[in-house]
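Chemist: Sharing a structure below in structure tokens format, with a few things to ask.
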Amino acid sequence: MEHKVNQLEIEYCTQCHWLLRASWMAQELLTTFNTDITSLALVPGSGGIFEVRLNGSVIFSRKETGRFPESKELKQLIRDLIDPERVLGHSDR
């Protein structure tokens with residue numbers, strides 16, 4: 001069985017001190033998708049950015065939504081893209 005490469009990036013604003021939020025989200029995603037995520041990068045940015053990208057495509061943007069993502073919401077977005085059949089347990093409710 002071929003293992004698909006899934007690279008996640010979380011770009012966060014250093015000026016806004018959002019590293020802790022980004023690293024917590026990274027931990028949540030790595031715990032849930034421990035065998036599906038092949039790499040996860042925390043990318044320092046500026047200008048109020050908080051963006052999550054999967055394989056180079058933006059899947060969540062604070063600028064577009066006007067808010068931060070919920071952990072459950074991000075897990076569902078990623079699941080729907082990499083393994084739609086997967087059950088996420090409490091994150092599906």
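The values are calculated or read from the model by the stated rules, or taken from the named source; none is laboratory data. Everything quoted here is computed from the prediction, not taken from an experiment. For neighbour counting, all protein chains shown are included, and Cβ atoms are generated from backbone atoms with ideal geometry for every residue, glycine included.
Chemist: Taking residue 27 and the conditions (1) touching a strand residue (DSSP E or B) at 6+ places or on another chain (Cβ under 6 Å); (2) under 21 Å from residue 81 (Cβ atoms), which numbered condition does it fall short on, given that it satisfies the others?
Modeler: Going through (1) touching a strand residue (DSSP E or B) at 6+ places or on another chain (Cβ under 6 Å); (2) under 21 Å from residue 81 (Cβ atoms) one by one, residue 27 breaks only (1).
Chemist: Is it the case that residue 54 is out of contact with any Lys or Arg (no Cβ under 7 Å at 6 or more places or on another chain) and in contact (Cβ under 8 Å) with a residue 40 or more places away in the chain?
Modeler: Details: out of contact with any Lys or Arg (no Cβ under 7 Å at 6 or more places or on another chain): yes; in contact (Cβ under 8 Å) with a residue 40 or more places away in the chain: yes.
In short, yes.
Chemist: Mind checking whether some residue in region 12-22 is out of contact with any Pro (no Cβ under 8 Å at 6 or more places or on another chain), closer than 24 Å to residue 90 by Cα and of a type in the set (Gly, Ala, Ser)?
Modeler: yes
Chemist: Something else about it: Consider residue 43 carefully, then state whether it is at pLDDT 95 or above, surrounded by 11 or more Cβ atoms within 10 Å (Cβ to Cβ) and out of contact with any Leu (no Cβ under 7 Å at 6 or more places or on another chain). Spell out the reasoning first.
Modeler: On the way: at pLDDT 95 or above: yes; surrounded by 11 or more Cβ atoms within 10 Å (Cβ to Cβ): yes; out of contact with any Leu (no Cβ under 7 Å at 6 or more places or on another chain): yes.
Here the answer is yes, as residue 43 does meet what is asked.
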